[in-house]
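Trainee: Here it is: the structure, laid out below.
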Amino acid sequence: MANETHLDILKLGVQAWNKWREDNENIRPDLSGADLFDTDMANANLSKANLRVANLKRAKLGGADLREADLYLADMEESSLGFADLRKATLIRTKLNKAYLSMADLSETELFKTNLSLGNLNNAKLNNAKLREVNLSEANLTRAHLEKADLSKVDLSGANLSWAKLTGAILHEIDLRMAIMVETDFSFATLSECWIYGISAWGLNLTSTRQLNLTITEAGEPPITVDYLEVAQFIYLILQNKNLRDVISAIGRKGVLILGRFSIRERKEILDALREQLRQKGLLPIVFDFDKATEKDFTETILVLAGLCLFVIADITNPKSSPLELQATVPNFMIPFVPIIERGEEPPFAMLVDLQNKYHWVMEVREYHSRDHLITNFENAIIKPAIEKHNELIGLKTQGLKIKNIEEFKL
């Protein structure tokens, strides 16, 4: 049980408590089992304090010094720990669900079977922490620092790990189902034996990440594992054949690839106008800007996108990359290509003439003199002819093999 003298000093307020701690550096406060419900201890010096089994529910501990404190079985549900220092604290079977830990420092802290579900750990520091079997379901871990942390058997289902740093972390047998991960840094981390059904993953850093046996199916389904987060969602779509067919079919019916250079303001206005007109007609604009992603293979990317789309609009105004990309793309796909150019610009590059002569799905260049001129005539000059050409090409693709008896060639 708690030392009554220590409790009485704490009741005098944080200022008196901190002064007593300063004057009695060698005394380890014993607040074990104390009822500190809704107590204001913000900025209190609770380092090395014995808080085992204490009731800290809804306690205000923002900025408190809890370094090396023993919080075994403490109830800290809905407590406020923003900016608190919990380095090397012991949080075994501690209840921290719905706790506020934004900007808190839990570096090198041991949390075993601690309940942090629904907790706010935005920007919290958990470097080198041991979080084994911790419940972090639906917790907010955006921008949290978990470098070299041990997250073995942690429940992160539904958690938000966007922009979190997990460089070198150990993520073994963790539950990531329904987790949100946007630009999360998993570089040099180990992801093994994890459950990843329903994750939302965008722009992850997976440099030198070890990925093994990631289960992509949900509970109750036969377990199917893959070794890469990047392909997990796609593999699941393949398994769900109907879904995959629907996705490909939807893009093929509605996808329109827009190629061009849109970094300058005038070209950006044209791009936005094209997008809006396509959306109004129930189509799906997909944009490839030649001035972006220069470290990637343009041709490879365009080949993938073009092969999925209904037709392609190529803005050849002031072209740089587009001639080579069209040369590589047009021969490979029997889909309509609609070039557009602003009046007064340089004439279309010579290669385009060759493409039009060789491949009848390269349509006549549409010339316009202003944004409004383009929009006014967009449906009749671009959308309708492109769809008509698409239907014509579909008819050609479905024709059977033409055979003629050689006897018909007799004189």
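The values are calculated or read from the model by the stated rules, or taken from the named source; none is laboratory data. All values reported here derive from a predicted model rather than from experimental measurement. Neighbour counts are summed over all protein chains in view; Cβ atoms, including those assigned to glycine, are modelled from backbone coordinates with ideal geometry. Protein only, heavy atoms only, side chains kept; ligands, DNA and RNA dropped before computing areas. Shrake-Rupley method; radii C 1.70, N 1.55, O 1.52, S 1.80 Å.
Trainee: Would you check which residues across region 93-142 are among the β-branched types (Val, Ile, Thr) and more than 22 Å from Asn45 (Cβ to Cβ) and list them? It would help to see each step written out before you state the result.
Mentor: Of region 93-142, the ones among the β-branched types (Val, Ile, Thr) are 94, 109, 114, 134, 142.
Matches in region 93-142: Thr114, Val134, Thr142.
Trainee: So Leu204 fits all but one of (1) under 26 Å from Gly168 (Cβ atoms); (2) at pLDDT below 95; (3) of a type outside the set (Phe, Trp, Tyr); what number is the exception?
Mentor: (2)
Trainee: What single numbered condition from (1) out of contact with any Leu (no Cβ under 8 Å at 6 or more places or on another chain); (2) aromatic (Phe, Trp, Tyr); (3) within 17 Å of Leu131 (Cα to Cα) fails to hold for Phe186?
Mentor: Phe186 satisfies all of (1) out of contact with any Leu (no Cβ under 8 Å at 6 or more places or on another chain); (2) aromatic (Phe, Trp, Tyr); (3) within 17 Å of Leu131 (Cα to Cα) except (1).
Trainee: Determine which member of the set Ser157, Ser152, Ser187 is open to solvent by less than 20 Å² (accessible area, probe 1.4 Å), assigned to a loop (DSSP other than H, G, I, E, B), out of contact with any helix residue (DSSP H, G or I) (no Cβ under 7 Å at 6 or more places or on another chain) and without any contact (Cβ under 8 Å) to a residue 60 or more places away in the chain.
Mentor: Selected residue: Ser187, the only one of Ser157, Ser152, Ser187 that is open to solvent by less than 20 Å² (accessible area, probe 1.4 Å), assigned to a loop (DSSP other than H, G, I, E, B), out of contact with any helix residue (DSSP H, G or I) (no Cβ under 7 Å at 6 or more places or on another chain) and without any contact (Cβ under 8 Å) to a residue 60 or more places away in the chain.
Trainee: Same structure again: Within region 294-319, take every residue that is modelled with pLDDT under 75 and closer than 16 Å to Leu271 by Cβ and give me the one that is most open to solvent (accessible area, probe 1.4 Å).
Mentor: Within region 294-319, the match that is most open to solvent (accessible area, probe 1.4 Å) is Asn318.
Trainee: Follow-up. If Ser322 passes every condition in (1) more than 19 Å from Leu374 (Cα to Cα); (2) open to solvent by 40 Å² or more (accessible area, probe 1.4 Å); (3) modelled with pLDDT under 75 but one, which one does it miss?
Mentor: Here Ser322 clears every test but (2).
Trainee: Can I ask one more? Check whether at least one residue in region 24-32 is under 35 Å from the mean Cα position of the chain (by Cα), more than 18 Å from Lys125 (Cβ to Cβ) and at pLDDT 95 or above, and report yes or no.
Mentor: No, region 24-32 contains no residue that is under 35 Å from the mean Cα position of the chain (by Cα), more than 18 Å from Lys125 (Cβ to Cβ) and at pLDDT 95 or above.
Trainee: Let me ask something additional. Considering only residues that are of a type in the set (Val, Ile, Thr) and open to solvent by 100 Å² or more (accessible area, probe 1.4 Å), which ones fall in region 371-411? It would help to see each step written out before you state the result.
Mentor: In the first step, residues of region 371-411 are kept if they are of a type in the set (Val, Ile, Thr); the result is 375-376, 382-383, 387, 394, 398, 403, 406.
If the condition is that a residue be of a type in the set (Val, Ile, Thr) and open to solvent by 100 Å² or more (accessible area, probe 1.4 Å), then Thr376, Thr398, Ile403, Ile406 are the ones that fit.
Trainee: Of all the helices (runs of 4 or more DSSP H) wholly in region 205-285, which have at least 3 residues that are charged (D, E, K, R), without any contact (Cβ under 8 Å) to a residue 40 or more places away in the chain and more than 25 Å from Gly307 (Cβ to Cβ)?
Mentor: 265-280
Trainee: A further question on this structure: Can you tell me how many residues within region 91-120 are more than 27 Å from the chain's Cα centre (by Cα), surrounded by fewer than 23 Cβ atoms within 10 Å (Cβ to Cβ), part of a loop (DSSP other than H, G, I, E, B) and not acidic (Asp, Glu)?
Mentor: Matching residues across region 91-120 total 2.
Trainee: Still on this structure, I have one more. Out of region 130-141, which residues are crowded, with 24+ Cβ neighbours inside 10 Å and either modelled with pLDDT under 95 or of a type in the set (S, T, N, Q) (or both)?
Mentor: Leu131
Trainee: Let me ask something additional. Specify which of the listed residues (Ile341, Ile394, Ile383) is touching a residue at least 40 places away in the same chain (Cβ under 8 Å) and within 40 Å of the chain's Cα centre (by Cα). Talk me through it step by step, then tell me what you get.
Mentor: On the way: Ile341 fails: touching a residue at least 40 places away in the same chain (Cβ under 8 Å); Ile394 fails: touching a residue at least 40 places away in the same chain (Cβ under 8 Å).
The match here is Ile383.
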